[in-house]
Every structure is written in C-alpha cells, then in structure tokens.
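J.: What follows is a structure written as structure tokens; I'll ask about it next.
Readers should treat all values here as calculations from the given coordinates under stated rules, not as data from a laboratory. Remember, it's a predicted structure, so these values are computed and weren't measured experimentally. Please note: Cβ atoms are built from the backbone with ideal geometry, for glycine as well, and neighbour counts cover all protein chains shown.
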Amino acid sequence: MWSEYVQRLSHVNPEFTYDDVSDWNPGDFAALITAGLLYEVERATHVVCDACPEAHRERVRWSSNGTRAFISCPSVGTVDVILERLRRWRASPVQLSTWLAEALALSGAVQPLPDGRLWFLGRGCVAGHTPYFFLAAIEPGQLPSAVAEIRRAYGRVTGVLLLPFSPAEPVETDKLQVADLGLVVSLRAGRITVDSGFIGDQLADAKTGGVRHDAQGKKAPRALAAHRRAIMKAFMTANSLVGMDALARRLGASKSALYGMVRGDKTRYRDDTLNAMLNKIGCPRSKWDRATKPAARA
C-alpha cells in the first residue's frame, strides 16, 4: 500500500480510484486519511467496465432521478455501476512535506518552490551531517530540472532530495543526494517515520566522492549502489514490504549489513550473508555486482 502511494506521487494528479484502494488494508487506508496524506475528491466521471474482460473505460451515465449510475458496454449492454466505485481520493504531497519535516526534526518552515511540485523541508542533523532537505513530487524525467530549480533557489548547498522513485541511472546532482521515499520512509501507527541511517550512509558516500572501498579495496561506485538499491526496492514492492526494517526482518539480516551490501562495505557483512540474501530475493550474484550501463546519448 505505501509503495503504491509513494509511486503515485510522481503523477501530476496523484489520484486513486475505489478500484485502486479496495484491496488495501483498511487500517492502513484509514491511517492515510487520518494523517491527511489522502483526501476524498469529487466522484469519478468514467470507470473501467467490470462486466467483460476488455477493461474498457466508459463515461458514467445517470438515471433521470439521479439515484442509479450505469455505463454502456459493447459486449453486454447497460451495466449498473456500484456507487462506491465512483469514489476517488488524491494524495497530498503538501501534507507529506509537513510530516517529513516533523519526522526528521528539521529546523525552519516548510516552503514550496516556484516549480509547484518541490518543497524545502528544512535543515537537520543526520549522522553528523547537517544537510538541507527537499521533497519533489515529480516524474523521473523531471529530476534534472528539479535539481536546477533547487540550485537556483538555494545555491550549491549540501542536501537530500526525497523522491517517489529510484533514478534508473545516475543523475548529476553535485552536492545534492537523492533518496527514494519508498526505501527511507514508512507509515507506522498513523505516523511517518524516516530511516535516517540509510540517508546518513548516502551522505557518507558523497563525502568520499561517491566511491566506497570494501575490505579488499574494491570500489563500489555510486552507480552500482543505486543499482543495488533498485534491486532491493523491486523486491520490497513485489512483497509489500514497507521500509528497510521490514526488509531486514524478511531477509534475516541487520539493516547495517544491508547498507553495507549496497555500498560494498565488507566490514558490515560476511560473504555468505550476502549470498543468502541474494538467494532469498532471487537475484544472481552477477546481476548484483554489475550495474547496467546507461544508454549512449545522441
């Protein structure tokens, strides 16, 4: 549920239909509503037909007295629509920005940037660093322009940009580190929690120039670390795991060991621990150790 919520934040209109949320855990759904992270909007005007296998969308029509909704299906004719299916909800990145600032205990007021889908969250202390924090509710292709917008507004500050996705390939962000909300943020007991250890590790990588050395002197460049984080996130999404704590419990490894595996820091894990983890998530060692090369630019 949380991963679906986070991924939808990248949409210009991050809306959910009744069909989208009908299989969510009722308690988790209620927590999103109570926290203001999800709010109900006007009824849907179109729905997907559930009377045939074609999954076509049709405009909702109403009876003359306004009490019955229906659509027209080419295969079966008139199909009644349960009114509950017309309900819709929208995610609130504005409210999320407030909760994130509180969870990270940041100083300063949350401020929107002119872009409209970017927020300055404040400044805080993480693992001995005091970065500026930002939130971007954007699509992957908009990341370079978002970074440029932040630089225009705040200069070349050391910062953390929270995103609703993991970049498919490294993006030039200078002193701005990117972190996937789906990996570092979770909703527990109706409150937002942030895995500051994960963020601290990325800041530590940045301080060493984006390259980490393991006990044998092998390098784990930033591109490879991003590739490994994407593998972990894919497993978490497929298994409805929320946050690194849940992943660590599922894999039977400590979060510190998982951080080390991503960074190639063998002071945090044994080789057999890594092999056991890869076996559980179904990832060949060859895939784990080799990031896909970015496509050549024209």
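J.: In region 33-81, what GluC sites (Glu not before Pro) fall in a loop by DSSP, with at most 15 other Cβ atoms inside 10 Å?
T.: Glu42, Glu54
J.: Normalise the Debye intensity by I(0) for region 2-91, one equal point scatterer per Cα, no solvent, then take log10 at q = 0.11, 0.14, 0.19, 0.21 Å⁻¹ and round to two decimals.
T.: -0.37, -0.57, -0.92, -1.03
J.: Mean shadow of region 93-288, computed from the convex hull of its alpha carbons, in nm²?
T.: If you wrap the Cα atoms of region 93-288 in a convex hull and average its projections, you get 10.7 nm².
J.: Restricting to region 93-288, compute how many DSSP beta bridges are antiparallel as a %, nearest 5.
T.: So the antiparallel bridges in region 93-288 amount to around 65 percent.
J.: If r is the Cβ-Cβ distance from Ser72 to Thr17 and R0 is 22 Å, what FRET efficiency results, to the nearest 0.05?
T.: So, using R0 = 22 Å, E works out to roughly 0.70.
J.: Another question, if that's okay. With the contact rule set at Cα under 8 Å and sequence spacing of 6 or more, what percent relative contact order holds for region 59-104?
T.: In percent, rounded to a whole number, it is 21.
J.: Taking 18 Å as the cut-off for C-alpha to C-alpha distance, list the pairs among Lys233/Lys255; Lys175/Lys255; Lys233/Lys287 that go past it.
T.: Those over the limit are Lys175/Lys255.
J.: Determine the sum of side-chain charges near Arg43: Lys and Arg each +1, Asp and Glu each -1, restricted to other residues whose C-beta is under 11 angstrom from that of Arg43.
T.: 0
J.: Let me ask something else. Stretch Arg43-Ser256 to full length: gain in nm at 0.36 nm per residue minus the Cα-Cα span?
T.: Here the answer is 72.1 nm.
J.: Report the Cα centroid-to-centroid distance between region 40-61 and region 1-22 in angstrom, as an integer.
T.: 17
J.: Label points 7 Å out from Cα along the Cβ direction at Trp62 and Ala109: separation in nm?
T.: 4.1
J.: Could you give the nm distance between label points at Ala234 and Arg156, where each point is 7 Å from its Cα heading toward the beta carbon?
T.: 3.6
J.: Grab the DSSP H runs of the chain that are 4 residues or longer, score each as -39,500 (n - 2.57), total them, divide by all residues and round the 222 nm result to the nearest 500 deg cm²/dmol.
T.: That calculation yields -10500 deg cm²/dmol at 222 nm.
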